[in-house]
Amino acid sequence: MIHFADKILAQIIDTSSDDMLLENVKQFENDINMLFTYFAYPDISLDYINTLLKYKSNKCAFWSPNSTFNIRECTTGMIYAKRGDECYIMLICTHTDHKNKGYATQMLKSFIEFMKPKVSRILLSSVDYAVSYYQRIGFEAIDDDISKYPYLNYFESTSTDKITTIMEYAQS
């Protein structure tokens with residue numbers, strides 16, 4: 001099941017006592033940082049992860065087999081941003097023990113269904129080895145330079161050693 005960090009944070013705020021509120025919010029932020037660092041590193045640089053996480057315009061979502069959220073039971077995490085009528089998937093990563101079990105695919109499909117009525121486009125930049133994976137989910141490669149997508153380009157510029165392909169979900 002997909003869980004959105006904004007909703008989880010609202011629940012933390014609503015249910016925390018005044019004396020524990022700040023501590024609980026900080027713990028959740030630390031847990032998010034830990035999850036993405038642990039799931040994505042060393043495939044994705046720590047600088048890139050930290051840059052994505054420091055911008056409040058970037059949001060997080062998590063996939064868990066349970067309807068009740070517990071970050072330690074999450075198999076997959078995603079960082080995304082909604083900018084106007086476009087959504088950018090900035091990062092998706094799965095815990096090593098759960099790779100190739102379909103969790104990232106389930107998360108992406110649920111996320112797409114959630115976002116389709118809210119945006120006109122869902123975009124991402126993919127490393128070459130993942131292009132065929134995203135194509136199976138319904139993304140198509142766009143013959144555009146990343147510089148035409150300033151939001152993606154800003155974050156991708158922190159990782160100069162990788163070649164990326166811009167992809168758009170083919171709305172159906």
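Taking the numbered list (1) under 25 Å from P150 (Cβ atoms); (2) surrounded by 14 or more Cβ atoms within 10 Å (Cβ to Cβ); (3) of a type in the set (A, V, I, L, M); (4) over 12 Å from the mean Cα position of the chain (by Cα) in turn, A40 passes all entries but (4). When S147, S110 are checked against the criterion of being small (G, A, S), surrounded by fewer than 20 Cβ atoms within 10 Å (Cβ to Cβ) and closer than 12 Å to I166 by Cβ, a single residue qualifies: S147. With the condition kept exactly as written, say whether any residue in the stretch 74-86 is in a helix (DSSP H, G or I) and more than 20 Å from N33 (Cβ to Cβ). Checked against the condition, which is being in a helix (DSSP H, G or I) and more than 20 Å from N33 (Cβ to Cβ), the stretch 74-86 yields no hits at all.
Could you check how many residues of the stretch 36-67 are within 17 Å of D6 (Cβ to Cβ), outside any helix (DSSP H, G or I) and not aromatic (F, W, Y)? So the count comes out to 7. The residues in the stretch 65-81 that are surrounded by 16 or more Cβ atoms within 10 Å (Cβ to Cβ) and either over 22 Å from K118 (Cβ atoms) or out of contact with any Ser or Thr (no Cβ under 9 Å at 6 or more places or on another chain) (or both) can be counted, and the count is 7.
For the stretch 150-172, filtered to residues that are farther than 23 Å from K116 by Cα and either of a type in the set (G, A, S) or at pLDDT 95 or above (or both), the residue that is surrounded by the fewest Cβ atoms within 10 Å (Cβ to Cβ) is S157. Note on the stretch 134-150: among residues that are of a type outside the set (A, V, I, L, M) and assigned to a helix (DSSP H, G or I), the one that is nearest to W63 (Cα to Cα) is Y134. The number of residues in the stretch 15-25 that are part of a helix (DSSP H, G or I) and surrounded by 12 or more Cβ atoms within 10 Å (Cβ to Cβ) comes to 3. Across the stretch 107-133, the number of residues qualifying as in a strand (DSSP E or B) and either on the phi > 0 side of the Ramachandran plot or of a type outside the set (G, A, S) (or both) comes to 5.
For I12, the stated conditions hold: it is of a type in the set (V, I, T), assigned to a helix (DSSP H, G or I) and surrounded by 13 or more Cβ atoms within 10 Å (Cβ to Cβ).
Residue under question is K99, and the condition is that it be within 17 Å of the chain's Cα centre (by Cα), free of Cβ contacts under 8 Å to residues at least 24 places away in the same chain and surrounded by fewer than 16 Cβ atoms within 10 Å (Cβ to Cβ); does it hold? Yes: the conditions hold for K99.
The values are calculated or read from the model by the stated rules, or taken from the named source; none is laboratory data. Keep in mind the model is a prediction, meaning the values are calculated, not measured. Reconstructed Cβ throughout: ideal geometry from the backbone, glycine too, with neighbour counts over all protein chains shown.
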